[in-house]
Amino acid sequence: MAFFKHIETQSQRFFQKYKTGDLMSRATNDMNAIRMAVGPGLLIGLDALLYFIVIPPIIIWLSPKLSLFTCILMPLTPFIAYKIRNVIDRQFCSVQEQFSRISEKVRESISGIRVVKSFNISQQEEAVLRELSGDFVKKNLKLAIPQSLLGPAFEYITYLGIIILLCIGGRMVIQGEITLGTLVAFQSYISMMIWPMTAVGWCVSLLQRGNASMKRIDEVMEAKPEIDKHPITNKKVALRGDIEFRDVHFQYYKQDKWILKGIHLKIRAGQRVAIVGSIGSGKTTLLSLLPRILAVKDGTVFIDGIDINAMDVTLLRRGIGFVPQEAFLFSERIADAILFGNAGAGTAENVRELARMVKMEAEIQKLPDQYESYLGERGVNLSGGQKQRLTIARALAVNPDIIIMDDCLSAVDVQGEHFILHNIATKFPGKTLIIVTHRLPAIRDFDVIVVMKEGMIVEKGTHAELMKMNGEYSALYREEELEEGIEIQNEQDGK
């Protein structure tokens, strides 16, 4: 549970480094290896230790001289364990890493099964998985060799001790140094050491596997959250919606190029702001800073005059309705999907009202169970536009003070986009709305339009002001008008 909680605190950068399949492998396979180490591994070790504590004093009491000869090979035990454990550690880490790759590949193939089938590449995917599985088998065989040597190696040391006992002990009986009864008793006690010597081999193997897995778990647990859930100060709950970006720079990793460069932007509460620009200009990154999905490190972002780094991230996000580009839905009832961020606080009428706002009510009512219908995994039984509209309804269900929509209407038709934006403006008056879009006609009446290029704000103003500038926005707008004209002409020619 601690592992899962720790993962939940991580930022987007963490999940770019660790794939889902890798994290699942660590949470299952590696956790199981640790469980085996601290469970059976320690119990077997303690059992063997008890034998090593009790039996050696008895055999020394029976015959110190015979004990010396019989146990002469015992120092080999820690030497063998030391040599083999390093090999096990290295090989087991390799096996676990390969298992992570297989888990991630399987997850990708299942999640993207539509793409796999549409491109008819099932055989290629099978070939890749077969190759990964083959490497997994090879690495397991390399691990099996040192593991299989441990137990027998320690057993053979005990058997050699018994052979030495019979040779030297027999001579000592003949010479009268010890009695036959002493030799028999001695042999019985030495035979008892076969199990603990074998147990040492198992114990070393289990503990070393657990140690290797612990390193992989520690690697994740040592990743420090970029976003502190326990702020220095914050007494604020409701947000007015005043936003300011002050000299904000951002890069995902050191040595990477800057995604945002010196962003200065003020948004007044209640304004409707559109952010436009070419792909890769930094629009999504800019929006991700507001709910602290990405951590602000260079520069400052203020909401209502408060640095967001000094705000309780939980309270901050409660005041923001964020709709990301990717429409992700959980496998649950449609009603639950809409009320996901406000579970238990919404009524059936609230759900229907939200569905009407995003133009989904008629489509939901056509389903057999309507709002009780279950979504497939990631909403697989819905179209792209339906998923986008449900994610918008989900964000609006929390009645946010600030609404952020990151190009989340790309799969919705133009009329649907205008309908949804109009409803948001009328149903949520006075709320700050920030939207990223590539459909410029839909934002002509917005209060402010911000144009971004290569991580910088190059233009800002109303639609009319930007068209007069005859700059980036004007070029983008005319280009879109031209594309729409060509599409209309093609449709007419087709008729």
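Can you list residue pairs whose Cβ atoms sit under 8 Å apart, with the first residue in segment 451-469 being in the same structural domain as VAL248 (by TED's automatic domain parsing) and buried (at least 19 other Cβ atoms within 10 Å of the Cβ) and the second being in a strand (DSSP E or B) and of a type in the set (Asp, Glu)? Count only pairs 6 or more apart in sequence or on different chains.
Filtered contacts from segment 451-469: VAL451/GLU459; LEU466/GLU459.
If we only count strands (runs of 3 or more DSSP E) wholly inside segment 250-313, which ones have 1 or more residues that are within 24 Å of the chain's Cα centre (by Cα), at pLDDT below 85 and buried (at least 17 other Cβ atoms within 10 Å of the Cβ)?
Ranges flagged: none.
Name the pairs whose Cβ atoms lie under 8 Å apart, with the first residue in segment 397-415 and within 27 Å of THR347 (Cβ to Cβ), the second aliphatic (A, V, I, L, M) and assigned to a loop (DSSP other than H, G, I, E, B), and 6 or more positions between them or separate chains?
Note: pairs meeting the criteria are ALA397/LEU339; ASP401/ALA238; ASP401/LEU239; ILE402/LEU239; ILE402/LEU290; ILE404/LEU290; CYS408/ALA327.
Within segment 397-429, work out how many residues are within 18 Å of ARG268 (Cα to Cα), aliphatic (A, V, I, L, M) and under 35 Å from the mean Cα position of the chain (by Cα).
Total meeting the criteria: 5.
Which one of these is modelled with pLDDT of 70 or more, in the same structural domain as LYS261 (by TED's automatic domain parsing), within 17 Å of MET405 (Cβ to Cβ) and buried (at least 16 other Cβ atoms within 10 Å of the Cβ): ARG439, ARG444?
ARG439
Give segment 354-373 a look and list any residue that's hydrophobic (A, V, I, L, M, F, W, C), assigned to a loop (DSSP other than H, G, I, E, B) and closer than 17 Å to ALA411 by Cα, or say none.
Those that are hydrophobic (A, V, I, L, M, F, W, C), assigned to a loop (DSSP other than H, G, I, E, B) and closer than 17 Å to ALA411 by Cα: VAL358, MET360.
For ILE217, are the conditions met, namely being over 30 Å from ILE145 (Cα atoms) and either modelled with pLDDT of 80 or more or under 23 Å from the mean Cα position of the chain (by Cα) (or both)?
Against the criterion (over 30 Å from ILE145 (Cα atoms) and either modelled with pLDDT of 80 or more or under 23 Å from the mean Cα position of the chain (by Cα) (or both)), ILE217 does not qualify.
Before we move on, is ASP47 touching a Pro at 6+ places or on another chain (Cβ under 9 Å), modelled with pLDDT of 75 or more and acidic (Asp, Glu)?
Judged against the criteria, ASP47 is a match.
Can you tell me how many residues within segment 24-83 are of a type outside the set (A, V, I, L, M, F, W, C) and surrounded by 16 or more Cβ atoms within 10 Å (Cβ to Cβ)?
The total comes to 11.
Okay, residues lined up against (1) out of contact with any Phe, Trp or Tyr (no Cβ under 6 Å at 6 or more places or on another chain); (2) surrounded by 12 or more Cβ atoms within 10 Å (Cβ to Cβ); (3) at pLDDT below 75:
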| site | (1), (2), (3) |
| --- | --- |
| GLN91 | yes, yes, no |
| SER100 | yes, yes, no |
| GLU108 | yes, yes, no |
| VAL116 | yes, yes, yes |
| VAL128 | yes, yes, no |
| GLY134 | yes, no, no |
| LYS142 | yes, yes, no |
| ALA153 | yes, yes, no |
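Mind checking which residues of segment 159-189 are hydroxyl-bearing (Ser, Thr, Tyr) and free of Cβ contacts under 8 Å to residues at least 40 places away in the same chain?
TYR159, THR179, SER188
State yes or no: is VAL173 among the β-branched types (Val, Ile, Thr), under 30 Å from the mean Cα position of the chain (by Cα) and assigned to a helix (DSSP H, G or I)?
Criteria not met by VAL173.
The values are calculated or read from the model by the stated rules, or taken from the named source; none is laboratory data. These numbers were taken from a predicted model, which means no experiment stands behind them. Methodologically, a virtual Cβ is constructed for each residue, glycine included, from the backbone with ideal geometry; neighbour enumeration extends over all protein chains shown.
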